[in-house]
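Novice: Please find one structure pasted underneath; my questions will follow.
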Amino acid sequence: MCGIVGAVAQRDVAEILVEGLRRLEYRGYDSAGVAITDSATGQLTRVRRLGKVAALSDAVAETNPTGGTGIAHTRWATHGEPSEANAHPHMSGERIAVVHNGIIENHQMLREQLQARGYQFHSQTDTEVIAHWVDWELKQSSDLLEAFQRTVSQLEGAYGTVVMDKNQPERLIAARSGSPLVIGLGIGENFLASDQLALLNVTRRFIYLEEGDVADISRREVTIYNQEGTPVEREVHEASAQYDAADKGQYRHYMQKEIYEQPTALTNTMEGRLGSDHVIVDAIGNGASDILAKAQHIQIIACGTSYNAGMVARYWFESLAGVSCDVEIASEFRYRQFVTRPNSVLITLSQSGETADTLAALRLAKERGYMATMAICNVAGSSLVRESDLAFMTRAGAEIGVASTKAFTTQLSALLMLVTALGKMQGSIGRDQEREIVDALHHLPSSIEQALTFDKAIEQLAEDFADKHHSLFLGRGEFYPIAVEAALKLKEISYIHAEAYAAGELKHGPLALIDADMPVIVIAPNNELLEKLKSNIEEVRARGGQLYVFADQDAGFTPEEGMKIIAMPHVDDIIAPVFYTIPMQQLSYHVALIKGTDVDQPRNLAKAVTVE
């Protein structure tokens with residue numbers, strides 16, 4: 001969601017901070033700001049702007065703040081409208097500056113106490129209470145660390161927060177509770193951020209703060225305290241990721257680039273996990289064999305696109321591995337009374353590994369007796385990965401576009417490998433079937449390359465959507481969740497109202513929506529449900545609906561008035577859900593171009609949802 005960057009150095013840090021914010025633009029935001037302390041002059045300079053980081057960069061160039069200690073932030077509005085007054089950093093007087101990700105749930109009570117002490121508030125945010133409370137605690141103790149620790153003890157909610165005091169320059173204090181922070185280690189300088197991508201231009205060595213940690217950061221030293229206040233050592237990680245994601249190269253948008261990166265991303269997901277004709281179970285994780293052999297039930301928890309991937313996987317777990325599977329939205333799961341089944345494995349799906357609801361659901365489930373937990377995730381150092389028993393990394397590479405593409409398809413391939421391993425360990429998938437699945441997976445990247453060749457045809461098709469405001473997507477079986485994902489993509493980036501239905505549900509209400517102005521997009525592979533799907537298509541045609549059928553070339557469709565056919569090459573049934581995802585992504589992308597929307601940063605949305 002919001003982005004944080006901080007630096008303590010001997011050199012001026014303004015450009016480092018702004019560049020770090022640029023690298024976090026993918027997270028979604030509505031305003032940006034920096035605050036910098038110059039130890040030589042004792043001056044603290046704050047610059048904030050509503051809108052893009054580019055506007056902040058121009059303002060920083062005009063203001064030219066100097067100093068080696070600073071914090072910066074991109075804000076996605078929660079408390080208070082998007083405005084310069086509500087933008088971070090927030091200050092108390094001219095001394096204390098604070099940036100914060102997350103939500104302080106008891107901010108109103110703290111605000112009232114501070115107002116009673118004479119503090120005036122200049123924003124509508126929950127964050128400003130942190131700055132004033134630190135200032136108050138500094139009246140009781142002159143040490144910034146002690147004042148900050150006392151402040152943190154008053155806070156309820158989720159936060160990653162950093163404080164700077166112009167009277168104690170060359171020092172930042174940070175705390176992590178439910179919202180990620182990472183420290184970047186330099187030579188004679190240190191940094192921190194909410195995502196290591198912000199710092200890859202200045203360091204490759206990182207420390208991930210754990211839940212409840214408070215860090216005291218200076219140029220030459222980093223001291224970390226756990227939630228009991230005891231100094232602790234945290235492991236230093238060497239980053240191998242390259243920040244090529246910051247370069248769109250030949251592509252117009254990150255989303256377009258990431259659509260075309262999918263063959264490579266899928267190859268990376270499968271590397272080292274597939275033999276020539278079998279799944280390498282041990283590659284899934286240490287102890288995976290024993291866990292999968294004992295599993296009697298799978299519970300998948302996820303949000304958004306990841307939830308749709310889980311819905312596809314439910315078909316696979318039950319039809320291929322013969323193990324029952326439930327899939328639930330994390331924000332619903334964590335707030336209802338649920339029953340933990342015997343020998344049940346909890347699987348969480350997340351691109352970022354920091355999705356607040358999914359992380360909270362994981363923590364709740366661990367208290368409720370699940371046999372084991374597994375994260376399928378794209379970010380190695382994320383909270384979800386660190387707190388799960390097993391971690392199956394998708395290795396999709398950095399995904400910058402808010403609308404997820406390669407994260408979704410790599411999740412599907414990871415889930416299919418997991419299903420195969422589960423069935424193999426339990427004897428429900430024999431050697432011949434395992435060989436067939438693995439062969440299909442080996443062919444998946446080349447099949448995706450083939451699907452990408454339909455881009456020009458889909459670009460022309462998208463012109464039909466220029467004046468549309470509503471659409472329906474239809475699928476059956478495991479292609480129903482693919483239809484749901486397709487509708488999500490279209491609504492995310494083109495702002496067209498889109499719904500998806502299992503095609504058999506048409507007669508139970510949605511047929512009332514069908515008219516000549518309602519595009520109906522159908523996913524039609526040549527499988528055992530094809531004849532049923534054809535009957536559903538006829539229901540739409542009989543009511544004057546405009547049909548766009550993405551069909552297997554052998555499915556027997558011919559173009560007719562009111563029905564356009566996009567004939568797709570035949571692929572193995574097991575990988576067909578991944579294959580048909582590609583044209584759906586391309587359709588949403590080209591419709592968004594026609595609509596003139598912000599493809600990579602659609603309104604009101606953020607990449608990593610780290611608050612409820």
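Read the figures in this text as sums done on the coordinates, not as results from a lab. It should be emphasised that the depicted structure is a prediction, and the values quoted were computed from it without experimental measurement. Cβ coordinates were reconstructed from backbone atoms using ideal geometry, including for glycine residues, and neighbour counts include every protein chain displayed.
Novice: Arrange His90, His508, His443 by Cβ neighbour counts within 10 Å, fewest through most, would you?
Specialist: Ascending number of Cβ neighbours within 10 Å: His508, His443, His90.
Novice: Hey, another quick one. Provide Arg48, Arg314, Arg435 in ascending order of the number of other Cβ atoms located within 10 Å of each residue's Cβ, fewest first.
Specialist: Sorted ascending by nearby Cβ count, the order is Arg435, Arg314, Arg48.
Novice: Rounded to the nearest 5, what % of DSSP beta bridges with both residues in the chain are antiparallel?
Specialist: 60
Novice: Between the alpha-carbon centers of the stretch 176-251 and the stretch 464-516, tell me the distance in whole angstrom.
Specialist: So the separation of the two Cα centres works out to 42 Å.
Novice: What's log10 of I(q)/I(0) for the stretch 1-146 at q = 0.15, 0.16, 0.18, 0.21 Å⁻¹, Debye sum over Cα points only, no solvent?
Specialist: These q points yield log10 I(q)/I(0) values of -0.74, -0.83, -1.04, -1.32.
Novice: Could you work out the pair-distance distribution P(r) of the stretch 405-513 from its alpha-carbon pairs, with 5 angstrom bin width and percents rounded to whole numbers?
Specialist: Bin by bin from 0 Å, the calculated values are 2, 9, 13, 17, 18, 14, 11, 8, 5, 2, 0.
Novice: Give me the number: length gained by fully extending Ala457 to His122, i.e. 0.36 nm times residue separation minus the C-alpha to C-alpha distance, one decimal in nm.
Specialist: Taking 0.36 nm per residue and subtracting the Cα distance, the gain is 115.3 nm.
Novice: Can you compute the FRET efficiency between Ser218 and Lys248 using 1/(1 + (r/R0)^6), with r the Cβ-Cβ distance and R0 = 30 Å? Round to the nearest 0.05.
Specialist: The computed FRET efficiency comes out at 0.25.
Novice: Rounded to the nearest 20 debye, what is the charge dipole size of the stretch 502-554 about its Cα centre when +1 sits on each Lys and Arg Cβ and -1 on each Asp and Glu Cβ?
Specialist: 160
Novice: So for Glu261, Glu459, fewest C-beta neighbours within 10 Å to most, what's the order?
Specialist: Exposure proxy ranking, most exposed first: Glu459, Glu261.
Novice: Quickly estimate the mean residue ellipticity at 222 nm for the chain, helices only: each DSSP H run with n ≥ 4 gives -39500 (n - 2.57), and the total goes over all residues, rounded to 500.
Specialist: So the calculated ellipticity at 222 nm is -10500 deg cm²/dmol.
Novice: Sticking with this structure for a sec: Which number comes out as Rg/Rh for the stretch 161-276 once both Rg and the Kirkwood Rh are worked out on C-alpha atoms?
Specialist: 1.09
Novice: Run the dipole for the stretch 1-129 about the Cα centre, Lys and Arg Cβ at +1, Asp and Glu Cβ at -1, nothing else charged, and hand back the magnitude in debye, nearest 20.
Specialist: 140
Novice: Please work out the FRET efficiency for the pair Gln553 and Arg603, using the Cβ-Cβ distance as r and a Förster radius of 22 Å; give the result to the nearest 0.05.
Specialist: My answer for the efficiency is 0.05.
Novice: With r defined as the distance between the Cβ atoms of Ala293 and Glu81 and R0 fixed at 45 Å, what FRET efficiency is calculated, to the nearest 0.05?
Specialist: The calculated FRET efficiency here is 0.25.
Novice: Above 17 Å lies some portion of the pair distances; for the stretch 25-73, what is it as a whole percent of all C-alpha pairs?
Specialist: Every Cα pair in the stretch 25-73 considered, those over 17 Å come to 34 percent.
Novice: 7 Å from Cα along Cα→Cβ at both Arg205 and His278: what's the point-to-point distance in nm?
Specialist: Once both label points are built, they end up 4.2 nm from each other.
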